[in-house]
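Q: Following this message is one structure expressed as structure tokens.
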Amino acid sequence: MMDFKETRAYIESNIRFRPYSLSIQFFETPEEMLKDVTKIRIWPNLLSFCQYVVMVRNASWAIGVTAKNLSMPDCMFTLGLAPLPEEGYMDGETFEGVWCRTRPETVKYTQFRPLVTFGKHAAVAISPIVIDRLFNLQITE
């Protein structure tokens, strides 16, 4: 396994990388996340997952996210926190004119986009690697 602390230190000291490198860990329940991650924050307002990532990177906080904390259904589908809708998503209707110009481009976009399988977890923790709050890292950036 990669030594994330050493890699992070190298990046931050040699490249003068301002935002903190972060990690993401999935949990089966929100209660498990709250128990396992010390000093984790649950934001009171609805935000997109991208906004949570920016907060974690710039403020150096550990933040917990569930489907209840996300303002965008697409964030829930991508993270596996909600099931994909039967219609309107994979056929490109949802993103036509938003992320892509035409329906064929949108269909291609949705089909090749990585999605986490729904039902395996109900909470996601995001934290800077430097503060050592997550120990079973599934995604690092």
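The values are calculated or read from the model by the stated rules, or taken from the named source; none is laboratory data. Here the structure is a predicted model, which is why all the values come from computation and not from measurement. So basically every Cβ, Gly included, is an ideal-geometry build from the backbone, and we count neighbours across all protein chains shown.
Q: Taking Ile11, is it β-branched (Val, Ile, Thr) and in the same structural domain as Ile131 (by TED's automatic domain parsing)? Break it down into steps so the answer makes sense when it comes.
A: Values: β-branched (Val, Ile, Thr): yes; in the same structural domain as Ile131 (by TED's automatic domain parsing): no.
Against the criterion (β-branched (Val, Ile, Thr) and in the same structural domain as Ile131 (by TED's automatic domain parsing)), Ile11 does not qualify.
Q: Also, quick follow-up: Is it the case that Tyr109 is farther than 25 Å from Arg8 by Cβ, part of a helix (DSSP H, G or I) and at pLDDT below 90? Working first, answer last.
A: Numbers: farther than 25 Å from Arg8 by Cβ: yes; part of a helix (DSSP H, G or I): yes; at pLDDT below 90: yes.
Yes: the conditions hold for Tyr109.
Q: Do the conditions hold for Glu93, that is, is it at pLDDT below 85, outside the structural domain of Leu46 (by TED's automatic domain parsing) and either out of contact with any Phe, Trp or Tyr (no Cβ under 6 Å at 6 or more places or on another chain) or on the phi < 0 side of the Ramachandran plot (or both)? Lay out the reasoning, then the answer.
A: On the way: at pLDDT below 85: yes; outside the structural domain of Leu46 (by TED's automatic domain parsing): yes; either out of contact with any Phe, Trp or Tyr (no Cβ under 6 Å at 6 or more places or on another chain) or on the phi < 0 side of the Ramachandran plot (or both): yes.
Yes; evaluated as a whole, the condition is true for this residue.
Q: Checking Phe135 against (1) assigned to a loop (DSSP other than H, G, I, E, B); (2) under 30 Å from Asp3 (Cα atoms); (3) touching a Ser or Thr at 6+ places or on another chain (Cβ under 9 Å), which test does it fail?
A: Answer for Phe135: the failing condition is (3).
Q: Moving on. When you scan segment 3-77 for helices (runs of 4 or more DSSP H) that lie fully inside it, which ones turn up with 1 or more residues that are of a type in the set (Ser, Thr, Tyr)? First the steps, then the outcome.
A: On the way: elements: 4-14, 30-36, 49-59.
Filter on segment 3-77 gives 4-14, 49-59.
For (1) of a type in the set (S, T, N, Q); (2) more than 20 Å from Phe27 (Cα to Cα); (3) crowded, with 18+ Cβ neighbours inside 10 Å, each residue gets a yes or a no:
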| position | (1), (2), (3) |
| --- | --- |
| Thr66 | yes, no, yes |
| Met76 | no, no, yes |
| Cys100 | no, yes, no |
| Pro104 | no, yes, no |
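Q: If I filter segment 74-97 for residues that are farther than 29 Å from Phe135 by Cβ and of a type in the set (S, T, N, Q), do I get at least one hit?
A: Yes, segment 74-97 has at least one match.
Q: Here is a follow-up. Under 6 Å by Cβ, and 6 or more places apart or on different chains, what pairs join a residue from segment 98-120 that is hydrophobic (A, V, I, L, M, F, W, C) with one that is exposed (fewer than 10 other Cβ atoms within 10 Å of the Cβ) and modelled with pLDDT of 85 or more?
A: Correct list of pairs: empty, since none qualify.
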